[in-house]
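Here is the structure we will look at.
The values are calculated or read from the model by the stated rules, or taken from the named source; none is laboratory data. Note that the coordinates shown come from a computational prediction; the quantities given were computed from them, not determined experimentally. Counting neighbours? That spans all protein chains shown, and the Cβs are built from the backbone with ideal geometry, glycine included. Please note that ligands, DNA and RNA were not included when accessible areas were found on the heavy atoms of the full protein model with its side chains. Shrake-Rupley method; radii C 1.70, N 1.55, O 1.52, S 1.80 Å.
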Amino acid sequence: MSEFEFTVPVVIMGGGACGAVAALAAHDAGAEVLLIERDERPMGTTGMSMGVVCAAGTKSQAAHGVTDSGEIFLADILAKTRGQTDPEIARAIAFGSGPAMDWLIDTHGLPFQLDTGFRAAYGNSTLRIHGWEGHNGQDLIELLHQRVADAGIPILSEARVTDIFATDDRITGIEITRPGGTVERVGCGALIIASGGFAANREMLARHIPDMADARNNGHEGSEGDGIRLAASLGAATADMGAYQGYAMLTDPQGISVPPGVIIDGGIIVNRLGNRFTDEMADIAGMVHPVHAQPGGHCWVIYDDTIAARQAYVPDLQMLNELNAPRLAATLPDLATRIGVDATALEASLTEARAAFASGQPDPLGRLWQGDARPTAPYRALKVVGAIYHTQGGLQIDGDARVQRTDGGSFPNLFAGGGAARSVSGPAHWGYLPAMGLCTAFTLGRIAGMNAAQAAR
Ligand SMILES: Cc1cc2nc3c(=O)[nH]c(=O)nc-3n(C[C@H](O)[C@H](O)[C@H](O)COP(=O)(O)OP(=O)(O)OC[C@H]3O[C@@H](n4cnc5c(N)ncnc54)[C@H](O)[C@@H]3O)c2cc1C
């Protein structure tokens, strides 16, 4: 009798964006696929996300007259990470992101378009963020799984992968554990690890990202690093385990993210004394640290009606508006009273920003205002705290998304992508480019799916 109850050519661990995209790619390549998801309904970090994805050289960019390419994206990744990233993975993502996006749109009917309201910032040198207007990550994951169902790909839900079996370097199958404790074994021709990162695993955070170990986790609770740990126990290499995206603008108490566009379009962040304290445009992921360091641990995002109108297409802002979350005020002193900060300090913060805008020089915190509008009356404010959103280090892969061993070899039939794999965000927080999380899920998911189908033959 076989040690496995049944065997499937390509097994995928995790049903977030990476797993769903990998399933579609492996299926398109002619493989029989089984998707295994620990939750009752696949959602993952993907389902909590804003659902925007960076991709270079897409048809949608071309239709908008935007010049972009794998070369330009690669240069942006290397510049943002100060060269401290894996060049082979960076190349695979930079050159694979556009084809992955076009394939999802053309072949699988995903309604992505270039998001022209998400201006180039934080290291993306051009308009490169793609979205699905009026929709967020929850709609994205539901649509991806609709496509998975349309393709007839089976999903085993409420099935947590608890072990991976190998003979020498070759993966032979997995063990799954059901909520009641029942254990089953499934054989595979190839395995794709798409189980996300480890932001929900306090022990792993304490070991690899100690300065975020006690931070609020706003990511998915399934991000426990299962796939990374199981593969590492078989001798898989890991890298950049200190990399992550923190986010400084999680609204309190609503728990909804303020879209980055509110800052990119001219918003500022002040502490509860009314003072600005950081260049809000310097580091989208690392701004969590100065925010955490402020008295009381919370801050205020200050913006205005013009910025609100420009960002009104973003679902997260719509939800905040529906909840009456923004504090509104006709004048700055009124706003200071409404949010309980010092009016003189708040006025000084905006005066400083306006002076920098007029001079064309960076303000004392280093922000260069260029074409951004500074908030003007009437004003809006949202109370925010910092949190960790997702990790960016993980299994060392090559450009084919194949998992590498600590001894320098590789596993011929083991692949990884998305939050489970080493990304291209450098070793810490400062290398994260906006919308890279889903970019690696889409791009590496597709590469892993295609190569797993081949390896399983
Ligand atoms: C609030 C928020 C907003 C974000 N917005 C964006 C954005 O707009 N753009 C962007 O690029 N990035 C964004 N990100 C990051 C992005 O969501 C992630 O990088 C991306 O979703 C990772 O995809 P994934 O498929 O690798 O992981 P996930 O989507 O987390 O999927 C992993 C899946 O694996 C399952 N799983 C885990 N362990 C097991 C196991 N042992 N067995 C079986 N299944 C398992 C999980 O339940 C989960 O369903 C955001 C993150 C957060 C928290």
Out of the residues in region 410-427 that are within 8 Å of the ligand (Cβ to nearest atom) and over 13 Å from G399 (Cα atoms), which is farthest from the chain's Cα centre (by Cα)? A420
Scanning region 253-284 residue by residue, the ones that are open to solvent by 10 Å² or more (accessible area, probe 1.4 Å) and on the phi > 0 side of the Ramachandran plot total 1
Go through region 57-80 and report how many residues are over 17 Å from L110 (Cβ atoms) and either outside any loop (DSSP other than H, G, I, E, B) or within 16 Å of the ligand (Cβ to nearest atom) (or both). 12
Within region 20-54, residues closer than 20 Å to L191 by Cβ, near the ligand (Cβ under 6 Å from one of its atoms) and in contact with a Leu (Cβ under 6 Å, 6 or more places away or on another chain) come out as I36
Lone unmet requirement of (1) farther than 22 Å from G189 by Cα; (2) out of contact with any Asp or Glu (no Cβ under 9 Å at 6 or more places or on another chain); (3) surrounded by fewer than 24 Cβ atoms within 10 Å (Cβ to Cβ) for R402: (1)
Since V291 meets every condition but one in (1) under 21 Å from A348 (Cα atoms); (2) open to solvent by 10 Å² or more (accessible area, probe 1.4 Å); (3) assigned to a helix (DSSP H, G or I), which condition does it not meet? (2)
Would it be correct to say that G134 is modelled with pLDDT under 95, more than 13 Å from the ligand (Cβ to nearest atom) and either surrounded by 18 or more Cβ atoms within 10 Å (Cβ to Cβ) or closer than 22 Å to G16 by Cβ (or both)? yes
Residues of region 229-250 that turn out to be more than 10 Å from the ligand (Cβ to nearest atom) and surrounded by 24 or more Cβ atoms within 10 Å (Cβ to Cβ), as a count: 8
Filter region 15-50 for residues that are assigned to a loop (DSSP other than H, G, I, E, B) and touching a Pro at 6+ places or on another chain (Cβ under 8 Å); which is most open to solvent (accessible area, probe 1.4 Å)? E32
Scanning region 144-164 for residues that are open to solvent by 30 Å² or more (accessible area, probe 1.4 Å) and more than 29 Å from W132 (Cβ to Cβ), the one farthest from the ligand (Cβ to nearest atom) turns out to be D163
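Does region 433-449 include one or more residues that are charged (D, E, K, R), more than 17 Å from T238 (Cβ to Cβ), within 16 Å of the ligand (Cβ to nearest atom) and open to solvent by 30 Å² or more (accessible area, probe 1.4 Å)?
Yes, that holds for at least one residue.
When the residues of region 204-216 are filtered to those that are open to solvent by 40 Å² or more (accessible area, probe 1.4 Å) and at pLDDT 95 or above, which remaining residue is nearest to the ligand (Cβ to nearest atom)?
Filtering region 204-216 for residues open to solvent by 40 Å² or more (accessible area, probe 1.4 Å) gives 206-208, 210-211, 214, 216.
From the residues that got through so far, the ones that are at pLDDT 95 or above too are 206-208, 210.
On the way: A206: 19, R207: 18, H208: 17, P210: 20 Å.
Looking at the filtered set, the residue picked out is H208.
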Subset of region 61-80 [polar (S, T, N, Q), surrounded by 14 or more Cβ atoms within 10 Å (Cβ to Cβ) and farther than 19 Å from T443 by Cα]: none
State which residue is surrounded by the fewest Cβ atoms within 10 Å (Cβ to Cβ) when the search covers only region 405-432 and only residues that are touching a Gly at 6+ places or on another chain (Cβ under 8 Å) and aliphatic (A, V, I, L, M). A428
Among R185, R178, R170, which is surrounded by fewer than 23 Cβ atoms within 10 Å (Cβ to Cβ) and either under 27 Å from the mean Cα position of the chain (by Cα) or free of Cβ contacts under 8 Å to residues at least 60 places away in the same chain (or both)? R178
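Which ranges mark the helices (runs of 4 or more DSSP H) fully within region 310-381 that have 1 or more residues being of a type in the set (D, E), loosely packed, with under 13 Cβ neighbours inside 10 Å and under 31 Å from the mean Cα position of the chain (by Cα)? Working first, answer last.
On the way: elements: 315-322, 332-339, 343-359.
Per the criteria, 315-322.
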For region 255-266, check the following and say yes or no: at least one residue is within 16 Å of the ligand (Cβ to nearest atom) and in contact with a Lys or Arg (Cβ under 8 Å, 6 or more places away or on another chain). yes
